[in-house]
Each structure stands twice: as C-alpha cells, then as structure tokens.
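One structure is given below, encoded as structure tokens.
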Protein chains: 2
Amino acid sequence: MTTTSPTGSSPLSEFSLIDRFFARATRQGEHVTLGIGDDCALLRPPAGEQLAISSDMLVEGRHFFADVDPRTLGHKTLAVNLSDLAAMGARPLGFTLALALPDSDPAWLGPFAQGLAELADRYECPLIGGDTTRGPRNLCVTVFGSVPGVQALRRDAAQPGDDLWISGTLGDARLALGALRGEWTLVDSELALARRAMDVPEPQIALGLALRGVARAALDISDGLLGDLGHILARSGMSAHIDVDALPRSALLAAQSPDIQRLCTLAGGDDYQLCFSADAAQRGRIEAIGNQLGIRVTRIGTIALPDARRTMLHLHDNTGASVAADFKSFDHFQ
Amino acid sequence: MTTTSPTGSSPLSEFSLIDRFFARATRQGEHVTLGIGDDCALLRPPAGEQLAISSDMLVEGRHFFADVDPRTLGHKTLAVNLSDLAAMGARPLGFTLALALPDSDPAWLGPFAQGLAELADRYECPLIGGDTTRGPRNLCVTVFGSVPGVQALRRDAAQPGDDLWISGTLGDARLALGALRGEWTLVDSELALARRAMDVPEPQIALGLALRGVARAALDISDGLLGDLGHILARSGMSAHIDVDALPRSALLAAQSPDIQRLCTLAGGDDYQLCFSADAAQRGRIEAIGNQLGIRVTRIGTIALPDARRTMLHLHDNTGASVAADFKSFDHFQ
C-alpha cells in the first residue's frame with residue numbers, strides 16, 4: 001500500500017483513485033479484519049484451514065488487446081486468478097490489485113472497476129489492498145482462498161487408473177483469437193459468441209469446492225490442454241491416455257474443420273476449465289456434481305504409470321488410432 | 001502461476017526461468033506447505049495469528065532507473081514490501097513475485113535474483129509463487145506475514161498525548177536523488193553513501209516485532225514524513241506537534257544546507273524507517289529496545305486532539321517558532 005517515487009514524478013493520487021473507483025470491490029469480507037488504507041491488510045483464515053495464494057500479471061498487448069472493453073477486462077483480471085483457487089479446491093477470501101496505468105482516465109477506470117467488482121461480489125472475494133502507479137498498463141492480482149490442507153487439489157496427486165475429466169468445453173477462446181488474427185474466418189454472430197468465451201471466462205469455483213475429497217489431481221487449463229495436463233503428469237510422475245475425439249467442445253467449435261477443432265481443444269488457451277483426475281469409483285458422484293451445478297463434466301481418458309520410454313502423453317482418436325501428441329503439430333496456423 | 005497468452009506470443013519459459021534463477025529464494029519455509037509449481041501456493045499461518053498482506057509494484061523509469069544495479073534492485077523490491085510488514089509488527093512468512101521483463105537476459109536476472117534471495121534468506125521469507133511474462137519491466141511483490149490480531153500496529157491507533165518516534169535517520173535517499181537530478185551537488189564519496197540509503201534500504205522487521213504491545217500506531221515512511229504521518233493522523237483523527245530540528249539525520253545530511261536538510265527529512269521519500277506513536281510511559285522501554293537492537297530511536301513530537309481549525313500538523317523549530325507545515329514549501333527544488 002505504499003507508492004515509492006525515487007524518480008520523483010508524482011504518483012496517481014492513490015487514495016482518491018481507490019475511494020472513487022474501487023470502493024465497491026472493497027466491502028469487508030467475513031475474514032477480512034483490516035482492509036485498504038493501512039500498511040498491510042489483515043486476513044483471518046477459517047480455523048484449521050490453509051491459505052491458497054496465486055498471482056497473475058496481465059500486460060497490455062500481450063494478455064489483452066489495448067482496445068478491449070475495460071469492463072470485461074476487469075472481469076477477466078480477477079477471473080483468471082479465481083480460476084487458480086478453483087483448481088485448488090479453495091474458497092475465495094479476498095484479493096490485492098496492483099495496477100500500473102498510463103493515466104487515470106475515468107472512462108477506462110470506471111468500467112474496469114465495475115467488471116472487477118461484479119465478479120468480486122459474486123464470489124464474496126473483496127479487494128483488500130494493493131498499489132497504483134503510473135506506467136505501461138499492467139494488472140497484477142494476488143488472490144487468497146482457504147482450503148483444509150488435506151483436501152487441496154494438487155497437481156502431484158494423480159494415481160494410475162484415475163479417470164481424467166474436463167469441465168465445460170474447450171477451445172472457444174482460441175477459436176475467437178484465430179478469427180481476430182485472420183487465421184480463419186467466422187461470421188459476426190459466431191465471433192461474438194467465441195469472443196465471449198475469451199473475454200468473460202467464468203472461474204469454476206463451485207466445481208472446485210464440490211471436488212474436495214472427490215478428485216485427486218486438478219489444475220485449470222489456461223495455456224491449452226496438452227501443455228497444462230503435462231504439469232499434472234510431470235508432478236505426479238504419470239502418463240495419460242486421451243481420446244481426442246472425446247474432448248468437449250461447443251456446437252460452434254464442432255461446426256469448424258477437424259484441424260481447427262483439434263488445434264483449439266488440444267493447444268488452445270484461455271479456457272479456464274478444470275482438468276482433474278479421480279478414482280473410477282467416483283464416476284457416479286462426479287456426474288451427480290455436474291448435474292447439480294449445471295456444469296458439463298466429460299471423461300476424456302485415463303492416468304497410467306509411465307511406460308519404458310517415459311512417454312507422458314498418448315493420444316488416440318475414436319477409432320483407437322494413434323494421434324501425434326506433439327503440441328506444435330496442432331498449431332498449423334502459427 | 002499461470003501465464004495466459006491470448007495474443008499468442010510465447011511467454012518466457014516460466015518454469016525453467018524460475019528453476020534457474022529463483023531456486024535459492026524458494027526454500028520451503030516453516031509455514032509453507034506447498035511452494036512454486038501448482039495452481040496456488042499453500043501457507044499455514046501460526047495458530048491464532050492473522051495474515052498481514054501487502055503489495056507493491058515497481059515500474060522501470062518511475063521507481064527505479066533502467067541502469068540500476070540489478071542486485072540492489074532485487075534487494076529493494078523485497079525490502080519495500082518487508083517494510084510494510086515491519087510497520088504492522090508482522091513476522092515474514094513468504095512472498096510472491098510477478099515480473100514482466102523485456103527479455104530473459106541472464107546478466108540481469110542472475111544478480112536480480114541474488115539480491116532478492118539474500119534478503120529473503122535473511123528474513124526467512126521464501127518465494128512461494130508468482131508469474132513471469134514479457135513486457136515493459138515491472139516487478140510486483142505481494143508479501144505475507146503473521147501477527148496476533150490485537151498486537152498489529154495499525155495506523156488508526158494513535159492516542160492524545162502519545163509520543164511520536166522515528167527509527168534510524170531520514171532523508172539520505174532524497175539527498176542522493178537530488179544529487180542525481182542535479183538539484184545540488186555531492187562529492188563522489190558522499191553520493192555513494194547517500195545512494196546506498198536509496199538503493200539498499202533495510203526493512204525494520206526486528207523493531208516492528210519488538211514494538212508489538214509497546215507502540216500504538218505505526219507506519220513505514222516511504223513517501224516522506226509529512227505525507228506519511230498524515231495517514232496516521234487522518235485515520236486516528238488526531239493532530240501532531242513536531243520539532244523539525246529533532247528529526248534524526250545522518251552526519252552527511254547534517255552537513256548540508258538548512259534548506260536541503262528540511263526538504264530531505266520532511267518531504268523526502270524512500271526512507272523505510274518506522275514512524276510510531278506510543279504512550280509516554282513506554283519511553284524507557286522503547287529506548288531499551290533501540291539499544292538492544294542497535295537501532296537509533298528518536299522522539300520527534302507528540303500526538304494531540306485536533307484543534308478547532310482541525311489543523312493536523314503543527315511544526316516548530318528548536319526555538320519553539322512555528323514552521324509552515326506545507327509539504328510543497330519544503331520542495332524548493334522541484
């Protein structure tokens with residue numbers, strides 16, 4: 001909550017900026033004993049639980065386009081962090097926001113703060129502190145949640161024979177990005193639909209909480225299924241067999257060419273769905289959770305011990321024929 | 001711990017970068033049950049204590065010069081955050097680091113990580129997570145400490161009649177900055193001394209811990225005494241009477257002109273000393289703490305109820321004559 005200025009240029013008026021734009025996101029939470037305005041915020045986690053902590057930094061021109069709607073950007077800035085809590089099975093407690101801005105334009109800050117506050121309200125995850133400074137636009141959120149230590153959904157917990165599951169559908173965000181880049185074309189109504197998946201992802205908090213004690217390993221898919229699943233496999237010392245035709249996709253994506261479908265589901269990005277492993281005995285329970293939450297859950301493969309060649313990923317199609325598991329082989333469009 | 005790339009440009013290789021450069025800063029702490037490499041880190045605070053949390057964002061060209069020694073920058077990036085824990089009376093538990101870098105130059109990252117790790121080791125405050133991405137250089141640290149809730153040194157706790165204290169000396173960092181800007185001149189050996197205060201501040205963690213249950217209000221001075229003290233006064237609903245000639249300064253600063261001394265002690269910046277209030281009955285104890293820790297502690301004034309005109313700051317010199325309490329009046333050099 002301090003703004004240092006050795007180069008002497010005056011910082012944005014930190015307190016008035018927070019008062020004016022971020023008051024709505026700062027409502028005191030049940031576990032926030034001291035919010036914005038002191039050297040530190042004070043947080044009291046539920047007794048016996050652990051703090052789950054994640055940081056993400058979003059840079060203009062890299063993680064978002066300069067002309068993106070600031071309200072959807074406010075949503076996404078918090079959503080990608082909440083998604084990390086979801087992947088751990090953690091309940092949101094609060095977040096800090098450090099932001100560098102080229103100016104303090106109310107026409108940008110107002111909707112940005114609104115998008116942030118709407119999502120913060122919805123998940124009872126108040127803004128508890130942060131920092132503001134002038135600089136190239138950069139948004140850094142650190143989010144805090146709580147989880148009973150033994151129920152945390154870690155990446156290193158997959159076991160041989162586990163089913164592999166995916167929530168929701170994969171690939172719509174990548175479908176939008178490809179159209180915006182001119183890799184392929186979509187009609188306007190299709191692009192609007194796909195772009196919504198890219199701009200306004202929904203963190204799977206309720207599913208993460210429901211999977212405590214049910215799933216073993218879990219993570220959120222932000223960089224594409226193949227790359228992210230690799231983290232579970234590496235940390236668990238396991239391999240996986242995946243049916244690429246079983247990967248859940250929207251009707252919009254299912255209407256595209258097979259190449260585009262493969263690329264977007266396997267090597268997309270910005271999906272923010274959960275990929276998790278669970279004992280086969282949990283199938284009924286996981287399907288019931290999906291029904292109860294209204295979230296599609298799809299079994300896409302199984303976890304196995306590594307073979308002698310230590311190949312981690314084995315992909316096949318719905319005929320059983322082997323498919324190359326090379327990340328780059330799905331990105332013909334780069 | 002996720003790196004999203006909707007614009008499709010590949011991120012820095014996050015895991016290899018962390019493995020190569022930041023392994024030393026990531027040693028597991030006593031309260032860190034899961035460190036880098038999962039969706040979230042897991043932290044178990046000491047039973048019955050609260051989490052103290054602070055975020056600071058440092059931007060190149062604003063908070064540090066582009067050509068600053070990366071090792072001292074690594075130190076300072078963590079030090080300014082630890083200083084916020086010190087000001088709360090909190091014990092460090094760990095920190096996250098999100099960094100945007102224009103490139104992954106080992107000649108910069110190596111010493112930066114070294115400066116960070118040396119300070120992290122010294123305060124048993126391990127790196128527990130974060131994010132890396134390409135972008136204009138930006139360093140965002142979020143630091144976590146623990147403190148028994150009732151002993152937290154808050155800004156809103158000053159009482160009428162409290163003494164006001166300052167640790168260490170004020171103004172050397174501003175003295176260096178002015179010389180670098182050409183506002184005044186220092187000989188090389190003087191500049192080197194002053195610059196060390198600016199580049200390698202020491203967070204007053206031990207003092208903050210010793211002041212639990214002894215001090216009432218506290219904060220760290222990062223933006224200059226007058227501005228920062230104003231936060232204690234505003235949040236406590238109090239005013240302060242300060243003897244500007246009692247402000248502690250180094251021999252180097254005391255050898256400068258009276259104007260430079262006033263500017264640097266009252267409206268400097270980057271001091272990272274603690275300013276705290278305490279009941280007059282605690283004088284002996286505070287002096288004993290200072291002696292024991294080898295830290296200079298200086299009484300600079302008193303807290304009072306606001307007068308009818310609600311003037312918060314009353315400055316006087318050592319003859320008792322009133323001095324204008326206008327922040328800008330001390331900055332003739334801007």
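Scanning the range A:75-112 for residues that are out of contact with any strand residue (DSSP E or B) (no Cβ under 9 Å at 6 or more places or on another chain) and in a helix (DSSP H, G or I), which turns out nearest to the other protein chains (Cβ to nearest Cβ)? Full working, then the answer.
Residues of the range A:75-112 that are out of contact with any strand residue (DSSP E or B) (no Cβ under 9 Å at 6 or more places or on another chain), as a first pass: A:75, A:79, A:105-107, A:110-111.
Narrowing further to those that are in a helix (DSSP H, G or I): A:75, A:79, A:106-107, A:110-111.
Details: A:His75: 14, A:Ala79: 11, A:Pro106: 21, A:Ala107: 23, A:Gly110: 21, A:Pro111: 19 Å.
That would be A:Ala79.
Could you please let me know if B:Ile128 is surrounded by 24 or more Cβ atoms within 10 Å (Cβ to Cβ) and in the same structural domain as B:Ser189 (by TED's automatic domain parsing)? For B:Ile128, the condition - surrounded by 24 or more Cβ atoms within 10 Å (Cβ to Cβ) and in the same structural domain as B:Ser189 (by TED's automatic domain parsing) - is not met.
Looking at the range B:129-145, which of its residues are over 17 Å from the mean Cα position of the chain (by Cα) and either assigned to a loop (DSSP other than H, G, I, E, B) or more than 7 Å from chain A (Cβ to nearest Cβ) (or both)? Passing the criteria: B:Thr132, B:Gly135, B:Pro136, B:Arg137.
Can you pull out the residues in the range B:272-303 that are surrounded by 18 or more Cβ atoms within 10 Å (Cβ to Cβ) and either acidic (Asp, Glu) or within 11 Å of B:Ala240 (Cα to Cα) (or both)? Selection gives B:Ser277, B:Ile300, B:Gly301, B:Thr302, B:Ile303. Let me spell it out: the conditions are (1) modelled with pLDDT under 95; (2) under 22 Å from B:Pro201 (Cα atoms); (3) of a type in the set (D, E, K, R); (4) not in a loop (DSSP other than H, G, I, E, B), and B:Asp270 meets all of them except one. Which number is the exception? Tallying (1) modelled with pLDDT under 95; (2) under 22 Å from B:Pro201 (Cα atoms); (3) of a type in the set (D, E, K, R); (4) not in a loop (DSSP other than H, G, I, E, B), B:Asp270 fails exactly one: (4).
Would you please name the residue that is nearest to B:Leu170 (Cα to Cα), looking only at residues in the range B:273-292 that are part of a helix (DSSP H, G or I) and under 21 Å from the mean Cα position of the chain (by Cα)?
So the first thing to find is which residues in the range B:273-292 are part of a helix (DSSP H, G or I), and the list is B:280-292.
Imposing the further condition that a residue be under 21 Å from the mean Cα position of the chain (by Cα) reduces the set to B:286, B:289-290.
Details: B:Ile286: 19, B:Ile289: 19, B:Gly290: 16 Å.
The selected residue is B:Gly290.
Just checking, which of B:Ala197, B:Ala206, B:Ala173, B:Ala192 is away from chain A (no Cβ under 14 Å) and under 30 Å from B:Ser104 (Cα atoms)? Before you say what the answer is, go through the steps one by one.
Numbers: B:Ala197 fails: away from chain A (no Cβ under 14 Å); B:Ala206 fails: under 30 Å from B:Ser104 (Cα atoms); B:Ala173 fails: away from chain A (no Cβ under 14 Å).
Just one listed residue meets the conditions, B:Ala192.
Of the residues making up the range B:240-263, those that are more than 12 Å from B:Ala325 (Cα to Cα) and in contact with a strand residue (DSSP E or B) (Cβ under 7 Å, 6 or more places away or on another chain) number 3.
Of all residues in the range B:230-243, exactly one satisfies the criterion of being modelled with pLDDT of 95 or more and closer than 19 Å to B:Arg174 by Cβ, namely B:Ile242. B:Leu180 satisfies every condition listed in (1) of a type in the set (A, V, I, L, M); (2) out of contact with any strand residue (DSSP E or B) (no Cβ under 6 Å at 6 or more places or on another chain); (3) under 27 Å from B:Leu225 (Cβ atoms); (4) crowded, with 22+ Cβ neighbours inside 10 Å except (4).
If I filter the range B:39-68 down to residues being in contact (Cβ under 8 Å) with a residue 60 or more places away in the chain and closer than 14 Å to A:Ser54 by Cβ, which single residue comes out as surrounded by the fewest Cβ atoms within 10 Å (Cβ to Cβ)? Residue satisfying both the conditions and the ranking: B:Leu43.
Only a single item in (1) at pLDDT below 95; (2) within 14 Å of another protein chain (Cβ to nearest Cβ); (3) crowded, with 21+ Cβ neighbours inside 10 Å is not met by A:Ala117, and it is number (2). Looking across the range A:190-240, the residues that are touching a Cys at 6+ places or on another chain (Cβ under 8 Å) and under 19 Å from A:Pro160 (Cα atoms) come down to A:Ala218, A:Leu219, A:Asp228, A:Leu229, A:Ile232.
Among the numbered conditions (1) surrounded by 24 or more Cβ atoms within 10 Å (Cβ to Cβ); (2) touching an Asp or Glu at 6+ places or on another chain (Cβ under 8 Å); (3) closer than 27 Å to B:Gly130 by Cα, the only one that A:Asp162 does not meet is (3).
Residue under question is B:Gly269, and the condition is that it be in contact with a helix residue (DSSP H, G or I) (Cβ under 7 Å, 6 or more places away or on another chain), assigned by TED's automatic domain parsing to the domain that holds B:Ala215 and on the phi > 0 side of the Ramachandran plot; does it hold? So B:Gly269 fits the description; yes.
The values are calculated or read from the model by the stated rules, or taken from the named source; none is laboratory data. Nothing here was measured: the structure is a model prediction, and the numbers come from that model. Heads up, the Cβs are rebuilt from the backbone with ideal geometry, glycines too, and the neighbour counts pull from every protein chain shown.
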